[in-house]
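Worksheet: the structure to be examined is printed underneath.
The values are calculated or read from the model by the stated rules, or taken from the named source; none is laboratory data. Only a predicted model underlies this, so the values are computations on that prediction, with no experimental measurement involved. Cβ: placed from backbone, ideal geometry, glycine included. Neighbour counts: every protein chain shown.
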Amino acid sequence: MKLVDRSAFDVARDVNARRLSAREVTDAALAQADAVDGQVGAYLRVEYDLARAAAARVDARIASGERLALAGVPLAVKDNMCVIGTRTTCASRILEHWTAPYTATAVQRMLDAGCIPIGKANLDEFAMGSSCENSALGVTRNPYDLSRVPGGSSGGSAAAVAAREAAIGMGSDTGGSIREPGAFCNLVGFKPTYGRVSRYGLIAFASSLDQIGPLTRTVRDAAMAYDVMSGHDPMDSTSLPRAVEPASRALPTDLRGLRVGIVREFDLQALAPAMRTIYERAYAELESLGAALVDVSLPTVDYGVATYYLIAPAECSANLARFDGVRYGLRVDAADVGTMYEQTRAQGFGPEVKRRVLIGTYALSSGYYDAYYVRAQKARTLAAKDFAVAFGACDIIASPATSCPPFTLGAKSDPYSMYLMDYYTIPMSLAGVPALSVPCGWVREAQADLPLGLQLAAPHFAEPLLLGAAHAYEQATGYSARVSPAAAGSATGIEEPA
Amino acid sequence: MKATYEAVVGIECHVELKTRTKMFCGCANAFGSEPNTNVCPVCLALPGALPVPNGVAIEQTVRAGLAFGARIPAYSKFDRKNYFYPDMPKNYQISQYDMPLVQGGEVRYWLEDGTMKRCPLVRIHLEEDTGKSTHAGSGDGRIAGSLYSLVDFNRAGVPLMECVSEPALHSAADAVAYLASLRRTLMELGVSDVKMEEGSLRCDANVSVRLAGEAALGTKTEIKNMNSFRSVQRAIESEVDRQISLLERGERVVQETRGWDEANGVTHPMRSKEQAHDYRYFPDPDLVPLEIAGDDVERLRVGLPELPWERFERYTRAFGLGSKQATQLIDTPSLARYFDRVVNASSNPQQSANFVLGELSRLANDSGVAVADSKAEPEGVAELIVLVEARTVNSKIAKELLERMWRNGGSPKAIVEDEGLAQTNDADEIENLVEGVIAAHASVVADYRAGKSNVIGFLIGQAMKASRSKADPQLVSELMKKRLR
Amino acid sequence: MSEKINVRYVAKLARIALTDDEVDRFGAQLAVLLEHVEALGKLDVGAVPATAQVLELANVTRDDKPAPCLDRDTVLGQAPRTQGAFVRVPRILAE
C-alpha cells in the first residue's frame, strides 16, 4: 500500500510508534498533490511551507515522547475556515487576497492533535452550492470521473481525500455540503449534531445550520477526526457545553438489536431504477447485519427544501453584509461609500451568492417577513418534531444521500434543480441531528462507475451510535475500498466539457 | 381667543455601559484609546468571528430595569438590525427587537421646587455601539459636503443600553428633569459614566404638540444632535415653539428627523437616508436566548442601592433639607454617601448638609480632591459639628480644624483638647481681654465714642487675636459693646 | 404571497449593483424559487412556535474579562485604504 493510501488511523499509529515520520507522510501527500491536483483541482492553494513546518513540529513532539491522536495525518482544510497567515478566500473574488489573522477553533484542534495542513480546498463560493461549480477561483473535478463534479460545497476537501492528497478533509455542511460530496467521491462524509463542533473561524453561510465535520475514506477515520475537532468552545455561543462521548473507541461490526428507520416519504420509486436497486440492496445489507428495519414517517419532509431555501438565504443575507470593502477584502473604489458598497459586492460576489443574498433579503423585508421567514421557522419546528417522533420508533434512519450520482460539469444550469440536490440531506440539517453518508455501491453511467452514498442519521448527540452503525456497514460491504482513478494516476475524462 | 397647546415629549436615551470589555468580545471598553487598538476579529467583523454576550452587561441592564420598577421578562433574545454604515462592521447591529430585557417601568424625577413626578418607560434593551467616523474635507467636520470619512472601530461593540420613555413629558423642563433623574440613577447603580460630553449618554427627543385637553397625539418630529442637558432644554423649547407657530398659521407639522443647531438655536430637517428604513430584524442565529430566572431577578432586586429619588424623599421629608441642597448632595453619589455618614454620627442633618456642601465642597473645589477622597473622615466632621453646636469651638477655629482634618485626618475633639483650642466662654476672662484692648487703643476708643461706630470691628478683632481666636466671638462682641457704652 | 419581486428594491437593501440583465434574470429565478416556496402555505403552522435555533441552550454568556486585541498594523494592513491610524472610506451621502 502506498503511503498516500493509508488511512488516518494507520498514519497516526505508525507516526506515534516512530515507524514513520510526519515528514515522510507530508512529503508523500505534497508529491501526490503535485502529481494529481493539476487534474483534480482539489486545492485552491497547496501550503508547502505551512505543511513542512507542521510536520517538523509534529516530529519534534513525537520525539519528545508525546502521543498525538492524529500524528502526521495530512489534512485538507476547506477554504472557508481561517488558518492564521494563510489566504482564506471562500472561493470568492471578494476575499481572494485576504489573509486570516487567526485560526478557526476546529482547525486548531486538528493541528494541535498532529494533523498536517496540506492545503486550502476549493468550495462553492461561500459554501453555496452542491457541485463546487460555484467557485470563483477554480474548477474541481471528481477523482472517480474527471468529467464530473465532486459535489459541494465541500467538493475540494472531498476530492483531495478521494485523490489521496489528504487523509482527512475538513468540510462544512449547511444543507448537505459534507454528505453530498462524500457520496459523490466515495467517502464517509459526516455532519455532527449542530453545536458539537465550534463554528468560530468558519466563515458563516447560515449560522443556525452550518456545522463542520470530516470527510474521510473510512468510518474509523471520521470518528477519530470527530473526537478531535468536537467539544465546547467558549468563543462560539452555539457550541454545546456537554461532554463529547468519544466515538472512535469501540466501533461495532454488526447491527444486532439496532432499529433502522426507513422513511416512508423517501420513496425509492422516485429514483432511477439502477439507483433504486442499490438502495434496496443497502437496506437489505443493514438487515443482514442484524438490524431491524422499521417503517417511520417524517410527515413534513417534503417541505424541507422550501424551508431551507428561506432560512439559509435569510441568514446569509446578513452574514455576508460584512463584505463591504471597508475593512478588508476587495474594494471597488467609487466617489461615495454607497456606490463603493454596491460595486464591490457586484464584482466581488458570484451569481449564486447574489441570488441567495437577494432571496434572503426579500424574505426578511418589510411585509414579507411573516409570510416567508417566520413561516419557514415554524416549518423548521415541525421538521425537528418529525425527527423526535421518528426516533421514538427507531435508533437511526437510513436513506439515500443524494437523488442522483455525480453529474457532469455544467449539466445543471438551472438553480432550482441544483437546490433539489439537497432533498435528502436538508431535513437533518433543519433538525440539527447528526448524519453521514457512507459508500454503498456503484451505478454505471456513460462507461463510468459512479459512487453512491447511503445516508444514516441519528438523534442529537448519538454520534457514537451513528458512527458505529456506519462502521459495521462499511466493514461488511467494503464499497469504500475502491481507489479513485485520479489517485491511481489512471484518470480519464478530463477532456469532457467543463 | 388664543388656543392653549400642550407639548408631548418622549425621550430615547442611549447609554454606554461601564463594563471592562465590549458587549460581544474581550476588547477593552475604554474611552480615549489610540484609534483602532481596541479591536479584534469579533468587533471588526472579520470573516468567521462570532459574538459571545458579556454577562455583566446583561446583569447591569436588568439592574437598571429593576431600579425603574420594570418587568424583567422570563425570555429575551438578541436580533439583528440590518443596514449598511461604514462604522458598523457587520453591517447589522446586534440589538433587541420584540423581546427586550426590560419592559415597562417608570422614571421618578423631581423639579427644582421639589415636586416629584413619574414618567413611564416603554422598554430598555441592550445592543452594541458603532465605531466613530470623522468626516473630512468639508472644513467643519460635518458629514454634509465632506469628501471622505475616517473610521475608528474602538467604540464598535461597546455595550449600549437603550431606554425609551413613553411620550409622557409635557415640557422641556420635565424632559431635562427626567434625564437628570435617569442619569443619577444609572450613576448610582454604577452601570455607566453617563457623560454626555464623552457620548456615554446620548439622547433624542420625540416632540409633538396638541391642543390642551385633546387625547390624540399630534404629528411628531425626532430631534437629534443634542449634546448637553442645556441643549436638550433649548431644542425642545425651540421645537415646541416652531410646531405651535406652524399650527397657529394653519400649517401642518411634517413627521421628520430634525437636527438641533446649537449655534443658531433652531432645529433643521436632516437629510433622510437615501436608503429606505427596512431593517429586516430577525433573531440572531449566532446567539441563544436569554432566560432570566426569577431567583436571579430577586437577587438583583435585593442588591439594589437606595435610589436617588428615594434619597431625595428621605433628605427632604425625614431630614427637612431644601430641594436644592438635597439635589446637590444626590448629584454626587459619593458626596451623598459621605453626607449620610456625617448625619449618622452627628444626628444633625441640616448642619451636616451645610458643612458638606459648604466648607468641605469649597476645600474639594480648591484642591481638586473629592470630599469622599479627602483625609477628613465623616465621623470627624460629625464630631466637629457637635463641637460647634455645643459652642466648644467657634466658627473660625472650626474652619481651621476642618482644613487640618482635610489634609491630615484626625479627631477634631482630640486636636482641640491637645492644643487647648476650646472656645473661651468665661465672661471674666473675656472681660479682661476687652479691658486690655481698650487700654491699648485709647485713640480708637475715642473715635468710637465720637461716633465712628464701625471701628468696633477692629477692637473685637484685637480681642479675638489676644485670645488666639479661642474666645467666643459673640461674647466678645457683647462685652465690648457693653464696656464702651 | 405570490407577487412580483421588486428586485431593484431588494438589491438596494442588499447593496448589490445589478445590471438590467441581472434584474431580469434574478427576477425570473427568484420567482421560480418563490413559487416552490409557496408550498409552505399548505402547512398548518398556526399554533407552531418558530425555531430560530434547534439547540436547547440559553444564557450563554462570557465573563467580563479582557482578551487580547489585534495588533493595529494587522488591522490597518487588511484595510483597502487607510489614513494615519484610521480606515478611510469615500464620502458618506446618507444623512
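Consider C:Leu33 carefully, then state whether it is buried (at least 17 other Cβ atoms within 10 Å of the Cβ), outside any loop (DSSP other than H, G, I, E, B), at the interface with chain B (Cβ under 7 Å from one of its Cβ atoms) and out of contact with any Lys or Arg (no Cβ under 7 Å at 6 or more places or on another chain). Reasoning before the result, please.
Numbers: buried (at least 17 other Cβ atoms within 10 Å of the Cβ): yes; outside any loop (DSSP other than H, G, I, E, B): yes; at the interface with chain B (Cβ under 7 Å from one of its Cβ atoms): no; out of contact with any Lys or Arg (no Cβ under 7 Å at 6 or more places or on another chain): yes.
When the stated conditions are applied, C:Leu33 does not pass them.
Has the stretch A:326-340 got at least one residue that is facing another protein chain (nearest Cβ under 7 Å), farther than 30 Å from A:Leu467 by Cβ and touching a residue at least 60 places away in the same chain (Cβ under 8 Å)?
Yes: the stretch A:326-340 contains one or more residues that are facing another protein chain (nearest Cβ under 7 Å), farther than 30 Å from A:Leu467 by Cβ and touching a residue at least 60 places away in the same chain (Cβ under 8 Å).
When the residues of the stretch B:199-244 are filtered to those that are crowded, with 17+ Cβ neighbours inside 10 Å and in contact with a Pro (Cβ under 8 Å, 6 or more places away or on another chain), which remaining residue is nearest to B:Leu186 (Cα to Cα)?
Taking the candidates together, the pick is B:Asn206.
Of the conditions (1) more than 12 Å from chain B (Cβ to nearest Cβ); (2) without any contact (Cβ under 8 Å) to a residue 12 or more places away in the chain; (3) assigned to a loop (DSSP other than H, G, I, E, B); (4) closer than 30 Å to A:Pro415 by Cα, C:Val48 fails just one. Which one is it?
Status for C:Val48: all satisfied but (4).
Among the candidates B:Ala173, B:Ala180, B:Ala156, which residue alone is in a helix (DSSP H, G or I), among the small types (Gly, Ala, Ser) and under 29 Å from B:Ala57 (Cβ atoms)?
B:Ala180
Looking only at the stretch B:119-152, filter to residues that are assigned to a loop (DSSP other than H, G, I, E, B) and of a type in the set (D, E, K, R); which one of those is farthest from the other protein chains (Cβ to nearest Cβ)?
B:Asp129
Name the pairs whose Cβ atoms lie under 6 Å apart, with the first residue in the stretch A:234-256 and over 28 Å from A:Asp210 (Cβ atoms), the second assigned to a loop (DSSP other than H, G, I, E, B), and 6 or more positions between them or separate chains?
Matching pairs, first to second residue: A:Asp254/A:Leu289; A:Asp254/A:Gly290; A:Leu255/A:Leu289; A:Leu255/A:Gly290; A:Leu255/A:Ala291; A:Arg256/A:Gly290.
Restricting to the stretch A:48-75, name every residue that is of a type in the set (Asp, Glu), over 26 Å from the mean Cα position of the chain (by Cα) and outside any loop (DSSP other than H, G, I, E, B). Even if it seems obvious, please write down each step before you answer.
Let us first name the residues in the stretch A:48-75 that are of a type in the set (Asp, Glu), namely A:49, A:59, A:66.
Imposing the further condition that a residue be over 26 Å from the mean Cα position of the chain (by Cα) reduces the set to A:59, A:66.
Within the stretch A:48-75, just A:Asp59 meets the criteria.
Has the stretch A:345-360 got any residue that is at pLDDT 95 or above and within 11 Å of chain B (Cβ to nearest Cβ)?
Yes, the stretch A:345-360 has at least one match.
Could we say that A:Ile116 is within 19 Å of A:Asp37 (Cβ to Cβ) and either of a type in the set (Phe, Trp, Tyr) or buried (at least 24 other Cβ atoms within 10 Å of the Cβ) (or both) here?
Against the criterion (within 19 Å of A:Asp37 (Cβ to Cβ) and either of a type in the set (Phe, Trp, Tyr) or buried (at least 24 other Cβ atoms within 10 Å of the Cβ) (or both)), A:Ile116 qualifies.
A:Met110 - would you say it is away from every other protein chain (no Cβ under 14 Å) and over 20 Å from A:Gly38 (Cα atoms)?
For A:Met110, the condition - away from every other protein chain (no Cβ under 14 Å) and over 20 Å from A:Gly38 (Cα atoms) - is met.
Let me confirm something: among B:Tyr75, B:Tyr97, B:Tyr83, which residue is within 14 Å of another protein chain (Cβ to nearest Cβ), of a type in the set (Ser, Thr, Tyr), in contact (Cβ under 8 Å) with a residue 60 or more places away in the chain and farther than 26 Å from B:Glu298 by Cα?
Numbers: B:Tyr75 fails: farther than 26 Å from B:Glu298 by Cα; B:Tyr97 fails: farther than 26 Å from B:Glu298 by Cα.
Residue meeting the stated conditions: B:Tyr83.
Between a residue in the stretch C:79-92 that is facing chain A (nearest Cβ under 7 Å) and any residue that is part of a loop (DSSP other than H, G, I, E, B) and among the aromatic types (Phe, Trp, Tyr), which pairs come within a Cβ distance under 7 Å, given they are 6 or more apart or on different chains?
Pairs that qualify, where the first residue is facing chain A (nearest Cβ under 7 Å) and the partner is part of a loop (DSSP other than H, G, I, E, B) and among the aromatic types (Phe, Trp, Tyr), are C:Ala79/A:Tyr328.
Collect the residues in the stretch A:474-490 that are touching a residue at least 24 places away in the same chain (Cβ under 8 Å), surrounded by 13 or more Cβ atoms within 10 Å (Cβ to Cβ) and either closer than 12 Å to A:Ala35 by Cα or of a type in the set (Val, Ile, Thr) (or both), keeping them in residue-number order.
A:Thr477, A:Val483, A:Ala486, A:Ala487, listed by residue number.
Identify all residues within the stretch A:289-333 that are part of a helix (DSSP H, G or I) and in contact with a Gly (Cβ under 6 Å, 6 or more places away or on another chain); write none if there are none.
A:Tyr308, A:Pro313, A:Ala314, A:Cys316, A:Ser317
Of the numbered conditions (1) within 52 Å of the chain's Cα centre (by Cα); (2) outside the structural domain of B:Leu384 (by TED's automatic domain parsing); (3) of a type in the set (S, T, N, Q), B:Ser411 fails exactly one; give the number of that condition.
(2) is the only condition that B:Ser411 fails.
For the subset of the stretch A:384-403 comprising residues that are buried (at least 18 other Cβ atoms within 10 Å of the Cβ) and either polar (S, T, N, Q) or at pLDDT below 95 (or both), which member is farthest from A:Phe184 (Cα to Cα)?
The residue in question is A:Ser399.
Identify, please: which residue in the stretch B:35-55 is free of Cβ contacts under 8 Å to residues at least 24 places away in the same chain and facing chain C (nearest Cβ under 10 Å) and is, among those, nearest to the chain's Cα centre (by Cα)?
Only one residue fits best here, namely B:Gly55.
Hey, among A:Ser157, A:Ser153, A:Ser130, which residue is more than 21 Å from A:Gln447 (Cα to Cα), among the hydroxyl-bearing types (Ser, Thr, Tyr), outside any loop (DSSP other than H, G, I, E, B) and within 14 Å of the chain's Cα centre (by Cα)?
The match here is A:Ser157.
Anything in the stretch A:257-288 that is surrounded by 17 or more Cβ atoms within 10 Å (Cβ to Cβ) and outside any helix (DSSP H, G or I)? List them, or say none. Working first, answer last.
Just the residues of the stretch A:257-288 that are surrounded by 17 or more Cβ atoms within 10 Å (Cβ to Cβ), to begin with: A:258, A:260-263, A:266, A:271, A:275, A:278-279, A:282-283, A:285-286.
The answer is A:Leu258, A:Val260, A:Gly261, A:Ile262, A:Val263, A:Phe266, A:Leu271.
Scan (1) under 20 Å from B:Tyr109 (Cβ atoms); (2) in a loop (DSSP other than H, G, I, E, B); (3) charged (D, E, K, R); (4) assigned by TED's automatic domain parsing to the domain that holds B:Gly199 for the single condition B:Arg230 breaks and write down its number.
Of the numbered conditions (1) under 20 Å from B:Tyr109 (Cβ atoms); (2) in a loop (DSSP other than H, G, I, E, B); (3) charged (D, E, K, R); (4) assigned by TED's automatic domain parsing to the domain that holds B:Gly199, the odd one out for B:Arg230 is (2).
Report yes if some residue within the stretch B:368-384 is acidic (Asp, Glu), surrounded by 19 or more Cβ atoms within 10 Å (Cβ to Cβ), in contact (Cβ under 8 Å) with a residue 24 or more places away in the chain and in contact with a Ser or Thr (Cβ under 8 Å, 6 or more places away or on another chain); otherwise report no.
Within the stretch B:368-384, one or more residues are acidic (Asp, Glu), surrounded by 19 or more Cβ atoms within 10 Å (Cβ to Cβ), in contact (Cβ under 8 Å) with a residue 24 or more places away in the chain and in contact with a Ser or Thr (Cβ under 8 Å, 6 or more places away or on another chain).
Could you please tell me which pairs satisfy a Cβ distance under 6 Å, a separation of 6+ or placement on different chains, a first residue in the stretch B:241-255 that is free of Cβ contacts under 8 Å to residues at least 60 places away in the same chain, and a second residue that is of a type in the set (Ser, Thr, Tyr)?
Note: pairs meeting the criteria are B:Val253/B:Thr219; B:Gln255/B:Thr219.
Which of the following residues is out of contact with any helix residue (DSSP H, G or I) (no Cβ under 9 Å at 6 or more places or on another chain) and either without any contact (Cβ under 8 Å) to a residue 24 or more places away in the chain or outside the structural domain of B:Ala180 (by TED's automatic domain parsing) (or both): B:Ala390, B:Ala353, B:Ala345?
B:Ala390
Give just the number: which of (1) more than 9 Å from every other protein chain (Cβ to nearest Cβ); (2) over 17 Å from the mean Cα position of the chain (by Cα); (3) touching a residue at least 12 places away in the same chain (Cβ under 8 Å) does A:Gly392 not satisfy?
(3)
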